[in-house]
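See below for the structure under consideration.
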Amino acid sequence: MLEIILIYGLVSASTLMLTALGFSLTFGLSGVANFAHGGMYLLAGYLTWALLNELGLPLLAAAPIAVVGTGLLGALIYQVVLRRVRGIHLSEVVATFAIGVAILESFRWLGFVTYDFTLPVFFEGSTTIGSAVVDYHRISIVVVALAMAGLIWVFTHYTKTGLALRGMAQDEYTALAVGVESDWAAMVSMALGSALAAVAAITILPLGIISINIGYDVLLISLAVTVLGGIESTRGLMAASLILGYATVLASNYLAPHWSEIIYMAAIVLTLIFKPSGIFGKFKELEERV
Amino acid sequence: MPSDQTRRERIDRGIKARTDDVFAVSSWRNILYLTLPRAVAIIALLSFPLLRIFVGAYWQNVLLITLAVSLTALSWNLLSSVGLVSLGQALFYGAGAYTTGYISQHLGLSPFLTIPLGTVGGAAICTLLLYPVLRLRGIYFALVTFAMPLLFIRVIDATKILGGAEGMTGLPALPSGAPELYALIAVTLGVAYGLQRLMDSDYGLVLQAIKDNDRSVIASGINIQWMKAQAVFMAALPATFAGTFVTHHYQFAGISTLGLENSILPLTAVIVGGAGPSAGALVGAFLLVPLSEALRAFGTLRVVVYSVVLVVFVVGLPEGIFHFAKRKYQQFERRVDLE
């Protein structure tokens, strides 16, 4: 039993981290809370499904196309919509939330609600660790999640573009003074966040069927992990994913499965009440409260 | 002349300038200019419940929902003028519904007692819930309000308290028909007018100052935490009232009252109508709710249309319809040469 909880908790934590990575990146780098994250996630899932089943592409070709396509869509949303309301937080949230709902409900209206929509796993088969049976796909989720977090960390700490984006997040005026363009930086962060949503969708969705409500859950998970961990903090993201991942596994083992949603909500509300900057929040500590 | 050589200039219409002071009463034309828009709206609203044979019970029910959304939108307006942006008006609405449902089911009081008790009790509960997060601002406060009603839905669903997923049914009804509608119309107009007056008072100025520059309000020796708590209580009242009223109208209080729709509809109404003056919230609600009812036949496409309208307004007409129309009514535009 202990192995099962340890291993599945880790898988759950990796799922949460991968889901929230894109949202957290966009929010941390440009301050845009992309409430369309769930919509992008599901859009990438259906796009991959269509590429695989309608065009007959192999997964290795379909996945990159879906990731790049979703990233471009994110950039487009920034250019067409968000650019005009940049800095007005309410408008950003309302606009992205409305876009997300529009994407999700369009799929519902188009009839993407049957049980036919599944994505293939990366590797068939399973292995046993101790007394726990783990399929290879769940292991690959952990690997992809860690790889993505590592890539993002390297990107934001060691590349020129990444440093420019972080500079923007820390002090917009100083970054402008050294020649970083604000709109460009926000567009890149939005595109990266959307592309990460696609990566998460392609990696996580094979575990079950694709259904519309996943889109809303994804938004919820992203908010919970980002708020609990603290904005723009990779360590915070990991810590929050681990806490919430193990909490949900324990809750669904000892209580009932639908308690996991309560845990996400409670994490958001309690964090904002007791420590609004999150576990590892750094920069925003002064801004968010009086 | 190429367009980049001119600029747009807005000038008050003559009649607007004449009606700004005491000369407003110098001619019928001036008086009508000032009163006609309001009078037409109020008379149309007051005559609607009498037209039951022409419009049918269905559209009178739509009017009731519209008024409930208007009240919730007015509540949003007051919160936002203190700088608290709420994404969860359903919290207030649901608190009103559940409080009145609980009182009426457990104490068996008549609706004439449970509605005031539920309104004040629900508002008090919401104020206590939000008190710890009043320090937060901007998107952080918005996130809490977004998550809270959804959290309560899940908790009620999981723990089966307060009727669980089925909710509380068979609550006593209000006397239906015109009296019910008139009561709601009177409250809505009263709240709209009252909030407008409140914002013009000294007290309202302090509330608005908290939004504009909270630090200078602190420096003036005012406890903004306490002021914000008062504002939340006052803002909660119209929304909890709407919740209690609709609860007794449908004789039902359940988790749907805390649903996302009750948060999004008032927010959209304010965005489409225009934030700030009460009339903006009313204009938004009276355009959106009937539209949304008319689109009901299209299923979930309705939600898509709704979301697209929202994006278009946020990006294209962020001031809202009311401010736009008011400007057109009071000013004219012309192009002048750039100096």
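Residues whose amide H lies under 5 Å from that of residue A:135, counting only those 5 or more places away or on a different chain, are A:127; hydrogens are built 1.01 Å from N in the peptide plane. Evaluated at q = 0.10, 0.13 Å⁻¹, a Debye calculation over the C-alpha positions of the range B:11-331 (equal weights, vacuum) places log10 I(q)/I(0) at -0.60, -1.01.
Distance from the C-alpha centroid of the range A:1-78 to that of the range B:90-153: 36 Å, rounded to the whole angstrom. In order along the range B:214-230, the phi-based Karplus estimate (6.51 cos²θ - 1.76 cosθ + 1.60, θ = phi - 60°) of 3J(HN,Hα) comes to 5, 5, 5, 5, 4, 5, 7, x, 9, 7, 6, 4, 5, 5, 5, 4, 4 Hz; Gly and Pro are listed as x. If you take every residue apart from residue B:276 with its C-beta less than 14 Å away from the C-beta of residue B:276, what net charge results, scoring Lys and Arg +1 and Asp and Glu -1? With Lys, Arg at +1 and Asp, Glu at -1, the neighbours total 0.
Taking each DSSP H run with n ≥ 4 as -39500 (n - 2.57) and averaging over every residue of chain B yields -23500 deg cm²/dmol at 222 nm. In sequence order, the range A:155-170 has phi-based couplings of 4, 7, 10, 10, 10, 5, 4, x, 5, 4, 5, 5, x, 4, 5, 7 Hz under the Karplus curve 6.51 cos²θ - 1.76 cosθ + 1.60, θ = phi - 60°, and Gly or Pro positions carry x. Taking θ as phi - 60° and the Karplus parameters 6.51, -1.76 and 1.60, the scalar couplings of the range A:261-274 work out to 5, 4, 4, 4, 4, 4, 4, 4, 5, 5, 4, 5, 6, 9 Hz in sequence order, x denoting glycine and proline. Backbone amide hydrogens, once placed in the peptide plane, bring residue B:331 within less than 5 Å of B:13, excluding anything fewer than 5 places away on its chain. The longest part of chain A holding none of the exposed loop GluC sites (Glu not before Pro), meaning those outside H, G, I, E and B in DSSP with at most 10 other Cβ atoms within 10 Å, is A:125-290.
Summarising the amide proton neighbourhood of residue B:6: residues at separation of 5 or more, or on other chains, whose placed amide H is nearer than 5 Å comprise B:338.
Cα centroids of the range A:175-226 and the range B:311-339: 35 Å apart. For helix B:178-200, what angle does its Cα long axis make with the longest principal axis of chain B, in degrees from 0 to 90 and rounded to 10? Roughly 60 degrees between the two axes.
Throughout, read-outs are computed from the coordinates displayed, never taken from laboratory work. Please read all numbers here as calculations on a predicted model, not as lab measurements. All Cβ positions, even for glycine, are placed from backbone atoms using ideal geometry, and neighbour counts span all protein chains on display.
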